[in-house]
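Inspection log for the structure reproduced underneath, given as structure tokens.
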Amino acid sequence: MNRFFLLFIAALAVLPVLPTPEFWITQANYIGLYAIVAIGLVLLTGVGGMTSFGQAAFVGLGAYASAYLNTAYGLSPWLGLMAGVALSMTVAFVLGALTMRLSGHYLPLGTIAWGLSFFYLFGNMEFLGRFDGIGSIAPIAVGSLELRSGHAIYYLIWAVVVLSVLATQNLLDSRLGRSIRALKGGVVMAEAMGARTAWLRLVCFVFAAVLASLSGWLYAHMQRSVNPTPFGLNAGIEYLFMAVMGGAGSVWGAILGAGFVSLLKDQLQTVLPKLFGSSGNFEIIVLGLLLIFLLQYARHGLWPALTALLPKSWRGQQDQGAPASAPALPVRSRPALGQSLLSVDKVRKEFGGLVAVNDMAFEVKAGEVLGLIGPNGAGKSTMFNLITGVLSATRGVVRYAGQEIQNLPSRDIVRLGIARTFQHVKLLPGMSVLDNVALGAHLRGHAGVVRSVLRLNRAEEGQLKHEAFRQLERVGLAHLAHEPAGSLALGQQRIVEIARALCCDPALLLLDEPAAGLRHKEKEALAALLSRLRAEGMSVLIVEHDMDFVMKLCDRLVVMEFGTLIAQGVPAQVQQDPAVLQAYLGGL
Ligand code: ADP
Ligand code: MG
């Protein structure tokens with residue numbers, strides 16, 4: 001917890017003790033309730049990249065569940081809380097499993113659909129009081145203290161806000177959190193590091209739903225009555241406004257956004273009817289315009305725009321750093337040198353009419369560096385994608401250590417010990433180099449959602465971060481560990497990808513053009529690193545255009561042209577091969 005957080009808590013604690021007018025306490029309570037929902041959206045939308053217009057429905061679930069159980073059966077609000085959370089988790093799980101798969105614009109549309117249906121569901125149920133709702137709900141009691149007044153429930157609301165902040169930050173600062181941050185840029189990289197991205201999306205969704213239902217529970221027992229209006233689509237849109245305006249990338253943005261939007265809306269609701277008459281909801285139009293304006297000039301929201309004004313030393317470090325020492329992670333046993341590790345057998349990939357990989361067959365032996373070369377468009381990257389499960393082969397068999405892997409998803413292939421880099425670098429530019437590398441260690445940790453949220457994962461996290469730092473040292477980039485990955489030169493970013501792949505503890509390393517963009521000295525360092533890895537028993541399959549580099553480093557070469565194998569053998573022999581000279585070297 002940093003100084004800013006402590007200051008924030010101290011300010012919250014003294015606010016009701018000062019002679020603050022009741023009106024402001026009520027405002028603060030509403031802001032707290034909104035903030036809890038918006039913090040869920042930080043994880044779901046801001047970090048995870050899944051836009052939801054339907055969060056108000058979960059607020060409604062939490063509110064109605066507790067309100068109904070309390071008024072119909074006299075259940076205590078605390079039991080209502082548990083029931084509400086259980087209900088929204090279940091509903092979120094089912095809805096999420098159905099809608100989280102939708103891509104592009106279909107996902108937001110799906111959230112609008114269920115946002116609307118819940119509103120009418122609340123409004124049409126006889127036992128929920130139809131559109132009149134439910135009244136005479138009991139206040140929450142803590143021991144013998146009933147939280148009836150705004151002052152009294154204030155502390156509970158803001159305690160939930162603070163806990164939501166902690167839970168979200170803890171989750172983001174974990175192996176799952178790193179992978180969640182990778183979701184936005186597409187799932188290929190996260191899956192290649194072993195993350196189950198469909199599951200992670202569901203985790204974000206359920207997490208956000210639970211926070212929303214907590215807010216609903218507090219609302220129902222503060223207001224002491226509920227009706228469908230605050231849980232409709234309008235409210236869902238406003239929650240999204242709050243998260244996006246405040247800066248959906250950080251929990252503080254959500255709180256700022258909740259405060260900003262609710263205060264502004266209040267002002268607009270008093271000012272606008274005087275100007276335009278009271279027949280329309282003009283404030284939503286003004287808010288919409290403001291959002292568009294904001295997205296033009298401060299795309300990441302108010303919070304990042306504000307913190308950018310602070311001196312760098314106030315902003316703190318990008319990541320938590322790595323402990324100086326930690327117990328080493330277990331290491332995979334390496335296959336015996338010289339035995340066949342990977343065998344590609346008549347593998348074919350067609351893209352429509354184009355045969356990108358034409359019945360390719362070759363083998364990588366344990367402990368060798370095999371170069372896969374060929375002109376641009378020869379099908380080398382496609383071959384990598386077939387081996388690592390990013391693409392599925394039209395036909396053919398890929399075996400790794402004797403096991404057929406051509407039908408396995410990426411995350412299972414990396415688990416077996418094949419790690420890769422990408423020709424088009426796939427790092428998270430805003431995340432620190434260290435955290436990017438630690439993504440590779442995803443499968444070497446085991447902490448799940450609950451342990452991460454409760455911060456019981458610290459020992460393991462220390463090990464993962466330490467391992468990430470060790471791999472950065474190994475590739476010679478430890479001095480850049482805390483820089484944002486996007487600030488590195490492209491050549492260095494490629495080396496970071498190698499460190500990330502090494503973090504997977506592979507037995508076979510697939511490198512797609514790792515030397516592209518490196519300077520001469522850096523290439524020499526890379527060649528030295530790869531030779532060292534080979535000496536340690538690592539097997540490497542490398543695509544590279546720099547012939548000098550390839551000829552010096554590789555034990556054997558496989559040459560492709562138009563998807564087809566045209567030659568293979570030791571470098572000296574391949575260099576003399578007429579077909580190769582014609583197709584490839586001759587063209588240089
Ligand atoms: P290399 O890595 O050897 O330069 P690639 O494997 O990237 O070559 O591409 C081989 C051929 O397959 C190229 O003609 C390329 O345009 C085509 N190709 C690659 N990926 C796709 C895809 N997803 N859809 C259609 N064609 C593709
Ligand atoms: Mg390529």
Failed criterion for Ala35 (all others in (1) free of Cβ contacts under 8 Å to residues at least 60 places away in the same chain; (2) within 30 Å of Leu109 (Cα to Cα) hold): (1)
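Conditions (1) under 30 Å from Met560 (Cβ atoms); (2) within 15 Å of ligand 1 (Cβ to nearest atom); (3) out of contact with any Leu (no Cβ under 9 Å at 6 or more places or on another chain), marked per residue:
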residue	(1), (2), (3)
Glu368	yes, no, no
Gly379	yes, yes, yes
Arg395	yes, no, yes
Leu434	no, no, no
Val449	no, no, no
Phe469	no, no, no
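Let's see how each residue does on (1) buried (at least 16 other Cβ atoms within 10 Å of the Cβ); (2) assigned by TED's automatic domain parsing to the domain that holds Pro375; (3) not in a helix (DSSP H, G or I):
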residue	(1), (2), (3)
Leu472	yes, no, no
Gln493	yes, no, no
Leu511	yes, yes, yes
Glu524	no, yes, no
Ala528	no, yes, no
Leu533	yes, yes, no
Val540	yes, yes, yes
Quick one: how many residues across the range 246-272 are surrounded by 24 or more Cβ atoms within 10 Å (Cβ to Cβ) and either modelled with pLDDT of 90 or more or under 18 Å from Gly54 (Cβ atoms) (or both)? 9
Residues of the range 155-173 being under 14 Å from Cys204 (Cα atoms) and either surrounded by fewer than 17 Cβ atoms within 10 Å (Cβ to Cβ) or in contact with a Leu (Cβ under 6 Å, 6 or more places away or on another chain) (or both), which ones? Ser164, Thr168
Filtered residues of the range 542-562 (kept if in contact with a helix residue (DSSP H, G or I) (Cβ under 8 Å, 6 or more places away or on another chain), within 16 Å of ligand 1 (Cβ to nearest atom) and assigned to a loop (DSSP other than H, G, I, E, B)): Glu544, Asp546
Within the range 366-377, work out how many residues are among the small types (Gly, Ala, Ser) and either modelled with pLDDT of 95 or more or more than 10 Å from ligand 2 (Cβ to nearest atom) (or both). 3
All but one of (1) closer than 30 Å to Asn436 by Cβ; (2) of a type in the set (Gly, Ala, Ser); (3) modelled with pLDDT of 90 or more hold for Ala235, so report the exception by its number. (1)
Give the range 503-525 a look and list any residue that's without any contact (Cβ under 8 Å) to a residue 40 or more places away in the chain and either more than 20 Å from Leu488 (Cβ to Cβ) or away from ligand 2 (no atom under 16 Å from the Cβ) (or both), or say none. Leu518, Arg519, His520, Lys521, Glu522, Lys523, Glu524
For Leu416, state whether it is without any contact (Cβ under 8 Å) to a residue 24 or more places away in the chain and farther than 18 Å from Pro514 by Cα. yes
I want to confirm something. Restricting to the range 405-417 and keeping residues that are within 12 Å of Asn385 (Cβ to Cβ) and over 20 Å from the mean Cα position of the chain (by Cα), which single residue is surrounded by the fewest Cβ atoms within 10 Å (Cβ to Cβ)? Gln406
Candidate set from the range 335-362 (those that are surrounded by 16 or more Cβ atoms within 10 Å (Cβ to Cβ) and either outside any strand (DSSP E or B) or among the small types (Gly, Ala, Ser) (or both)); member that is nearest to the chain's Cα centre (by Cα): Ala356
Tell me the residue from Ile137, Ile153, Ile157 that is in a loop (DSSP other than H, G, I, E, B), in the same structural domain as Ala35 (by TED's automatic domain parsing), touching a residue at least 40 places away in the same chain (Cβ under 8 Å) and within 25 Å of Gln27 (Cβ to Cβ), please. Ile137
Kindly list, by first and then second residue, each pair from a residue in the range 179-194 that is on the phi > 0 side of the Ramachandran plot to a residue that is aliphatic (A, V, I, L, M) and in a helix (DSSP H, G or I), limited to pairs with Cβ atoms under 7 Å and residues at least 6 apart or on different chains. Gly194/Val414; Gly194/Leu443
Return yes or no: is Glu191 assigned by TED's automatic domain parsing to the domain that holds Gly133 and under 30 Å from Leu511 (Cβ atoms)? yes
State whether one or more residues within the range 89-111 are exposed (fewer than 13 other Cβ atoms within 10 Å of the Cβ) and aliphatic (A, V, I, L, M). yes
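The values are calculated or read from the model by the stated rules, or taken from the named source; none is laboratory data. A quick note: this is a predicted structure, and the numbers were derived from the prediction, not measured. A quick note on method: Cβ atoms are made from the backbone with ideal geometry, for glycine too, and the neighbour counts reach across all protein chains shown.
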